[in-house]
Amino acid sequence: MRLVLLGAPGSGKGTQAQRLRDQTGIPQISSGDLLRDAVARGTELGKRARAAMDAGELVTDDIVLGLIRERLGRPDAATGFILDGYPRNVAQAGALDQLLADLGQPLDAVVLMQVDEKALVRRLTGRRTCPDCGKVFNVYSSASGKGERCDNPVHGAEPPLLKQRDDDKEDVIANRLKVYNAQTAPLIEHYQGRGLLRTVNAAQPMDRVFAEFVKVTGA
Ligand code: AMP
């Protein structure tokens, strides 16, 4: 199964992608995670990406495409993938079409996670992430998010402290939502026109969202 998750920051793309990955084994490919990893490792590419990320702007298309191309070329993506955060504008959607055509792996569906803006701000300010395994929590909605440490059993006796992302601060959030509306939202029409778009009501509790997500994708 080859999926793209579309939706504003905070709409739950990462959470749902991780759940689907855990259930099906299909890898979640998050452009944001790939970029944050490059920044953390201090690579040349990470250094070039950092300022845009800190400001809530999009990183240039060539940097992100390079990361995505490399990731999609790894063996575990041969049987499918859940793209989370890519594409983010019309040019990236065109580049992805081309890349997937070259690989002979067209998309099966694009899932739009729909949720109103007020809820997004609350979700983003409450979001906490495990710096080690990437598991996402929320201080408002998940019991474990209120604790300070990750609850993923893979960590053993000394689980890492949860962190707030630098770009989940309120001033940066406003810009990220603006960028989404201006640059990413046009992709809804792009994929609708190709008959690929499925919409999920992402304002519901997590389990209900996941049930809808599974239903519309046939996962
Ligand atoms: P995310 O984790 O998806 O919210 O992404 C965090 C930040 O990484 C975004 O605010 C952008 O600065 C950058 N980013 C992630 N994905 C992309 C993309 N497809 N194109 C450009 N920038 C991206």
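The values are calculated or read from the model by the stated rules, or taken from the named source; none is laboratory data. The structure displayed is predicted, hence computed values, not measured ones. Note: ideal-geometry Cβ built from the backbone for every residue, glycine included; neighbour counts use all protein chains shown.
Some notes on this structure:
- Checked against the criterion of being touching a Lys or Arg at 6+ places or on another chain (Cβ under 9 Å), over 23 Å from Ile188 (Cα atoms) and either assigned to a helix (DSSP H, G or I) or not β-branched (Val, Ile, Thr) (or both), segment 67-74 has no qualifying residue.
- If only residues of segment 59-84 that are within 10 Å of the ligand (Cβ to nearest atom) and closer than 21 Å to Gly218 by Cα are counted, the one that is farthest from the chain's Cα centre (by Cα) is Leu83.
- Of all residues making up segment 76-85, the number that are of a type outside the set (D, E, K, R), out of contact with any Leu (no Cβ under 7 Å at 6 or more places or on another chain) and at pLDDT 95 or above: 3
- Beta carbons closer than 7 Å, at least 6 apart along the sequence or on distinct chains, pair a first residue in segment 157-170 that is over 11 Å from Arg128 (Cβ atoms) and within 16 Å of the ligand (Cβ to nearest atom) with a second that is at pLDDT 90 or above and part of a helix (DSSP H, G or I) for Asp166/Asp54; Asp167/Met53; Asp167/Asp54; Asp167/Arg176; Glu170/Thr125.
- Which listed residue is in a loop (DSSP other than H, G, I, E, B) and within 25 Å of Ala219 (Cβ to Cβ), from Pro131, Pro106, Pro159: Pro106
- Taking (1) closer than 21 Å to Leu5 by Cα; (2) in contact (Cβ under 8 Å) with a residue 24 or more places away in the chain; (3) loosely packed, with under 14 Cβ neighbours inside 10 Å in turn, Glu70 satisfies each apart from (2).
- Test: Arg21 is away from the ligand (no atom under 11 Å from the Cβ) and in contact (Cβ under 8 Å) with a residue 12 or more places away in the chain: yes
- Candidates in segment 37-58 are the residues that are among the acidic types (Asp, Glu) and within 9 Å of the ligand (Cβ to nearest atom); of these, the one that is nearest to Cys130 (Cα to Cα) is Asp54.
- Flag for Leu20 being part of a helix (DSSP H, G or I) and over 20 Å from Ala219 (Cα atoms): no
- Residue match in segment 116-125 (condition: buried (at least 19 other Cβ atoms within 10 Å of the Cβ), more than 13 Å from the ligand (Cβ to nearest atom), more than 15 Å from Ile68 (Cβ to Cβ) and of a type in the set (Val, Ile, Thr)): no
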